[in-house]
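Structure record follows, encoded as C-alpha cells.
The values are calculated or read from the model by the stated rules, or taken from the named source; none is laboratory data. What you see is a predicted model, and the numbers here were worked out from it, not measured in a lab. Cβ atoms come from the backbone with ideal geometry, glycine included; neighbour counts cover every protein chain shown. Just the protein is used for accessible areas: all its heavy atoms, side chains included, with ligands, DNA and RNA removed. Shrake-Rupley method; radii C 1.70, N 1.55, O 1.52, S 1.80 Å.
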Amino acid sequence: MLQIAICDDVLEQTSMLQTYICSYCRENNAEYKLSLYTSGMELLSDVEKFDIIFLDIEMPGLDGIETGKGIREKNAGCRIIMETVMVERMKEAFYIEAFRFITKPIQKSEVEEALSACMKKVLGSTNMNLYYNRIVHQVHQSEIQYVVTYDSYSEYRVRNKMLRSEASLKELENQLDHRLFFRVHRKYIVNMAQVQSYQNGIIKMKDIELPVSRRKKKEFERAYMQFDLKYR
C-alpha cells in the first residue's frame, strides 16, 4: 500500500489536493492511504512511513524547507513534492532533493504528472511482517538496510534493530522488491538505496561493511550502476 501525506495549513488547498490524489489512485488501481497534516512539526513526528509527501513551502512555524530537511534525516527515500506560489523559492528546495514542484493554485494535471513520476520511482513500498522480541511489526521494505540469511530464518537490519522472519529463502526473494534488493553473498542481501559506497568488493553502509562474493561481483556492479542511474 502506497503511503501518501499532505502537509499544508490551508484547508481549501488541502481539500482540492486530496480530491486529485484520490481520483488518480482510484483510476490507476493503486492501493493507498492518505494522511493529512497542517504543520511541519506534526508531520515530522510520523514521517518514517511515507512514500510520497506533498509539502507546502509557505507554512507558519516550521516552513516547508526546514520540514523537508527533517524528512530527509528520518526518511531518505521519501519523494517530496513541493507546493508553492513563490517560484523564486524553488531553488531552496533543491537542498532537500525535492522530486517535483506543483504551483498554486493547484492544477489536477500537475498533481497527476507528479504522482505518475513518483509511482515509477517508489521502491520497496510494500510492507513485511517482521518480529522483534516476539512482537510483530509492519515494516516498509525501503526501511530495511540489509538481510542476513540463515538455514531456517532471516534477520533484517531496520534502523538500529535486528528484526526476524521465519520465511524461507525462496519466500524471502519473492517478497523483496527486486529493483531495490540484491543478493551479494550467500548470506547477505542488501538494499542498494542504503549503500553509501562500494569499492573492491566491499559495500559500505551506515554502520557496517559487507563483502560481495567473487561470483556476484560483476553482476552486483552492473546492477548497482543501473540502480544509480535509474532511481537516484
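Testing the spin-label approximation: label points 7 Å from Cα along Cα→Cβ at Asn160 and Glu27. State their distance in nm.
Here the modelled spin labels are 4.5 nm apart.
Hey, got the dipole for the chain? About the Cα centre, +1 on K and R Cβ, -1 on D and E Cβ, debye to the nearest 20?
Roughly 1540 debye for the chain.
Using helices alone, I'd like the mean residue ellipticity at 222 nm for the chain: each DSSP H run of four-plus residues gives -39500 (n - 2.57), total over residue count, nearest 500.
Details: 7 runs with 73 residues, N = 232.
After summing the helix terms and dividing by residue count, I get -9500 deg cm²/dmol.
Considering the chain as a Gaussian network with a 10 Å cut-off on Cα pairs, which listed residue, Lys33, Lys217, Lys161, attains the greatest mean-square fluctuation?
Among Lys33, Lys217, Lys161, the largest GNM mean-square fluctuation belongs to Lys161.
In whole percent, and with a 1.4 Å probe on the protein chains, what portion of the accessible area of the chain is carbon and sulfur?
The computed percentage sits at 48.
Is there a pair in Lys33/Lys69; Lys161/Lys187; Lys187/Lys218 whose C-alpha atoms are over 20 Å apart, and which pairs would that be?
Numbers: Lys33/Lys69 23 Å; Lys161/Lys187 18 Å; Lys187/Lys218 18 Å.
Beyond 20 Å: Lys33/Lys69.
Considering the chain as a Gaussian network with a 10 Å cut-off on Cα pairs, which listed residue, Ile53, Ile202, Ile144, attains the greatest mean-square fluctuation?
Checking each option, the largest mean-square fluctuation is seen for Ile202.
Might you work out the accessible area of Thr19 for me, using a 1.4 Å probe with all protein chains in place, and round it to the nearest 10 Å²?
About 80 Å², rounded to the nearest 10.
Roll a 1.4 Å probe over the protein heavy atoms and report the accessible area of Val139 in Å², nearest 10.
10 Å²
Compute a Gaussian network model of the chain, connecting alpha carbons closer than 10 Å, and tell me which residue from Lys170, Lys49, Lys206 fluctuates the most.
Among Lys170, Lys49, Lys206, the largest mean-square fluctuation in the Gaussian network model of the chain belongs to Lys170.
Expressed as a rounded percentage, what relative contact order does the chain have, with Cα pairs under 8 Å and six or more residues apart?
Computed value for the chain: 12 percent relative contact order.
When all alpha-carbon pairs of segment 22-86 are counted, what percent fall beyond 17 Å? List each step's numbers first, then the result.
Working: 861 of 2080 pairs.
When every Cα pair of segment 22-86 is considered, 41 percent fall beyond 17 Å.
Rounded to the nearest Å, what's the spacing between the alpha carbon centres of segment 187-232 and segment 1-72? Just the number, please.
32 Å
Is segment 106-232 best put as rounded, prolate or oblate by its Cα gyration tensor, with a ≥ b ≥ c the root eigenvalues, rounded for a/c under 1.5, and otherwise prolate when a/b is larger than b/c, oblate when not?
oblate
Mean shadow of the chain, computed from the convex hull of its alpha carbons, in nm²?
13.5 nm²
Could you work out the equivalent-ellipsoid semi-axes for segment 1-60, taking the square root of 5 times each eigenvalue of the Cα gyration tensor, largest first, in whole Å?
20, 15, 7
What does the convex hull of the Cα atoms of segment 124-175 come to per residue, in Å³, rounded to a whole number?
It comes to 69 Å³ per residue, whole-number rounded.
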